[in-house]
Amino acid sequence: MASTLKNRLRRLAQHDPDWAEAWAQRLPNPSTWVLPQSMGDQAGVAALREALCVASAQMAGLSDAIAQRLFAHVSMSFSPEVPLRRSFSFGGTEQ
């Protein structure tokens, strides 16, 4: 799954391969994680929990980086708190 994520990132940012590759190299590699033998292996469970927390933070960072790098040019012209108002007029009245 990690390799799929990296490949999709590279494809998404194909116009900026250096940026995509730098991020791909920073992403977690679960194949290197040592899994606990049992839930009784407290040190193993703690290490796995830490690895998952780090991976979660890395995914959040990647999500933010993608939004800023690839979609920053897209802006919302309205705020969810402000109701939308039509600006079309039909028959001289605004709706």
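In this entry, Leu48 passes the filter for residues that are farther than 18 Å from Arg10 by Cβ, at pLDDT 85 or above and either open to solvent by less than 80 Å² (accessible area, probe 1.4 Å) or out of contact with any Lys or Arg (no Cβ under 7 Å at 6 or more places or on another chain) (or both). Residues in the range 27-41 that are out of contact with any helix residue (DSSP H, G or I) (no Cβ under 8 Å at 6 or more places or on another chain) and not hydroxyl-bearing (Ser, Thr, Tyr): Gly40, Asp41.
The condition of being hydroxyl-bearing (Ser, Thr, Tyr), surrounded by fewer than 12 Cβ atoms within 10 Å (Cβ to Cβ) and either at pLDDT 90 or above or in a helix (DSSP H, G or I) (or both) holds for Ser56. Only residues that are assigned to a loop (DSSP other than H, G, I, E, B), within 17 Å of Ala57 (Cβ to Cβ) and touching a Leu at 6+ places or on another chain (Cβ under 7 Å) were counted across the range 6-33, and they come to 2. Within the range 11-21, the set of residues being surrounded by 10 or more Cβ atoms within 10 Å (Cβ to Cβ) and more than 13 Å from Arg69 (Cα to Cα) comprises Glu21 only. Within the range 22-42, count every residue that is closer than 18 Å to Asp64 by Cα and either open to solvent by 90 Å² or more (accessible area, probe 1.4 Å) or touching a residue at least 24 places away in the same chain (Cβ under 8 Å) (or both). Looking only at that region, the number is 5. Just one of the listed residues (Ser3, Ser87) is modelled with pLDDT under 85 and outside any helix (DSSP H, G or I), namely Ser87.
The values are calculated or read from the model by the stated rules, or taken from the named source; none is laboratory data. Everything numeric here is computed off the predicted structure, so don't read it as measured data. Neighbour counts run over all protein chains shown; Cβ positions are idealised from the backbone, glycine included. When the accessible area is computed, the model is the full protein with side chains, heavy atoms only, and any ligands, DNA or RNA have been set aside. Shrake-Rupley method; radii C 1.70, N 1.55, O 1.52, S 1.80 Å.
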